[in-house]
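J.: I'd like to ask you about the structure that follows.
The values are calculated or read from the model by the stated rules, or taken from the named source; none is laboratory data. Just so we're clear, the structure is a prediction, and the values are computed from it rather than from any experiment. Virtual Cβ from ideal backbone geometry, glycine too; neighbours counted across all protein chains shown.
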């Protein structure tokens, strides 16, 4: 797939078709995320955004701003993420692109959640949910419900969070979105862990891990392995916990995500030292 995108990008450059160049750069950015090449993805999105701005394509520009915001959010650079997300949803609103606006509101809400601004997060996500319900957009509804679950979970309302995650998971199931289903399995697993039910937690996390392995979703798999490692450790299964953390560290190292890798490494060291 990457080869096909690179060939299409090369042809677009030969034809000096700027819009096609921007599109293929965006595609390459998305593909680079799937391969764990976050720095390359960010470079592609920025280059694509510059071209869209040059040719006056506001929708394309806003879309790339949203992609950049999401990527910064993944890397926990919430200040940069917030800046780009605000730029994106302002343009979408100006263009009256309601579903794109709703999608970016969810992104903005998730970033606010990362900054612990729960009130602002919930306001943005609830607005997006309303827009998606009105439009009958099941994927948008599922995404909004999942993000709302995270807000409640972060505030300690685990039962409410699980309810929202289950509703989200059902919507993802109905549209055949395996990654969405996996994500909600993981979220449910984390909430059960927060309530001290580690057996149920591990059951849901293993479902998540199985799908991510099947879909070759490396970054998501690494995060799920971390959560499963914690559940295994709390159940007293140090050997399996160590295996999960070790594999997570390997994955994060391969993705050049030093903060995540260091976190996994510290868990490995702690278990090797007898949970001191």
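J.: Within segment 128-156, how many residues are assigned to a loop (DSSP other than H, G, I, E, B) and crowded, with 16+ Cβ neighbours inside 10 Å?
T.: Step one: filter segment 128-156 for residues assigned to a loop (DSSP other than H, G, I, E, B), giving 136-137, 155-156.
From what is left, the residues that are crowded, with 16+ Cβ neighbours inside 10 Å are 137.
Number satisfying all stated conditions: 1.
J.: Now, a different point. Please enumerate the residues belonging to segment 45-63 that are touching a residue at least 40 places away in the same chain (Cβ under 8 Å) and either crowded, with 22+ Cβ neighbours inside 10 Å or outside any helix (DSSP H, G or I) (or both). Can you show your working first?
T.: Let us first name the residues in segment 45-63 that are touching a residue at least 40 places away in the same chain (Cβ under 8 Å), namely 59-60, 62.
Listed by number, the list holds a single entry, 62.
J.: Another one. May I ask you to list the residues in segment 253-276 that are outside any helix (DSSP H, G or I) and closer than 21 Å to residue 37 by Cα? Step through it out loud before you land on a result.
T.: Our first condition is that a residue be outside any helix (DSSP H, G or I); within segment 253-276, this holds for 255-257, 273-276.
Hits for segment 253-276 are 255, 256, 257.
J.: Taking only segment 231-251 into account, find how many residues are buried (at least 20 other Cβ atoms within 10 Å of the Cβ) and at pLDDT 95 or above. Show your work before the answer.
T.: Of segment 231-251, the ones buried (at least 20 other Cβ atoms within 10 Å of the Cβ) are 231-233, 241, 244-245, 248-249, 251.
Of the ones still in play, those that are also at pLDDT 95 or above are 231-233, 241, 244-245, 248-249.
Number satisfying all stated conditions: 8.
J.: Of the conditions (1) modelled with pLDDT under 75; (2) surrounded by fewer than 18 Cβ atoms within 10 Å (Cβ to Cβ); (3) within 25 Å of residue 147 (Cα to Cα); (4) in contact with a helix residue (DSSP H, G or I) (Cβ under 7 Å, 6 or more places away or on another chain), residue 75 clears all except one; give me its number.
T.: (1)
J.: Also: Six or more apart or on different chains, Cβ atoms under 7 Å: show the pairs whose first residue is in segment 130-152 and without any contact (Cβ under 8 Å) to a residue 12 or more places away in the chain and whose second is crowded, with 20+ Cβ neighbours inside 10 Å.
T.: 133/141
J.: Return the residues of segment 78-116 that are outside any helix (DSSP H, G or I) and surrounded by fewer than 17 Cβ atoms within 10 Å (Cβ to Cβ); say none if nothing qualifies.
T.: Step one: filter segment 78-116 for residues outside any helix (DSSP H, G or I), giving 95-97, 115-116.
Listed by number, the residues that qualify are 95, 96, 115, 116.
J.: Going by what's in this entry, would residue 122 be described as under 26 Å from residue 68 (Cβ atoms), surrounded by fewer than 24 Cβ atoms within 10 Å (Cβ to Cβ), over 17 Å from the mean Cα position of the chain (by Cα) and at pLDDT 95 or above?
T.: Values: under 26 Å from residue 68 (Cβ atoms): yes; surrounded by fewer than 24 Cβ atoms within 10 Å (Cβ to Cβ): yes; over 17 Å from the mean Cα position of the chain (by Cα): yes; at pLDDT 95 or above: yes.
Taking the combined requirement at face value, the residue satisfies it.
J.: Within segment 28-51, can you find the residues that are modelled with pLDDT of 90 or more and within 20 Å of residue 103 (Cα to Cα)? Steps first, answer last, please.
T.: Going through segment 28-51, the residues modelled with pLDDT of 90 or more turn out to be 42-51.
Scanning segment 28-51 gives 42, 45, 46, 48, 49.
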